[in-house]
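Report on the following structure.
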Amino acid sequence: MPFVITEPCINTKSGDCFQVCPVDCIHPRKDEAEFANVPQLYIDPATCINCGACAAVCPVQAIFPEEDVPDKWKQYIQTNAAHYQK
Ligand code: SF4
Ligand code: SF4
């Protein structure tokens, strides 16, 4: 099960998570043009290896394993995946 970025990232976008991801599956990074235009960052569920490194460094506890996403934020499972389905 991949990890998922949820609501607390919105308007936070601290950028800590992608710096520690070993497989570069969190986008957009701050050095990508799209960064300024997105409300939050997203994890590619097809690439995430479920290491948990991102969740450990998030200052606002926005990142959860998919099975542990709180009910009120379940829609973010699809929001993260949809970012990579364009
Ligand atoms: S570390 Fe948390 S708040 Fe910062 S960009 Fe990643 S998910 Fe968003
Ligand atoms: S759990 Fe690991 S592989 Fe998945 S997004 Fe976070 S840092 Fe990257």
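Bear in mind that the values in this text are calculations on the coordinates, not laboratory data. Note that this is a predicted model, so its numbers are computed, not measured. Glycine gets a Cβ as well: all are built from the backbone with ideal geometry, and neighbour counts include every protein chain shown.
Our summary gives segment 3-82 a relative contact order of 44 percent, counting only alpha carbon pairs under 8 angstrom and 6 or more residues apart. For segment 47-64, the Karplus equation 6.51 cos²θ - 1.76 cosθ + 1.60, evaluated at θ = phi - 60°, returns couplings of 10, 4, 9, 6, 7, x, 4, 5, 4, 5, 9, 5, x, 10, 6, 8, 10, 9 Hz by residue, with Gly and Pro reported as x.
Considering every alpha-carbon pair of the chain, the percent of pairs per 5 Å bin, from zero through the bin containing the longest distance, is 3, 17, 30, 30, 17, 3, 0.
With the cut-off at under 13 Å, measuring from each backbone N in segment 39-76 to a point 7 Å along the Cα-to-Cβ line of Y84 picks out 42-51, 66.
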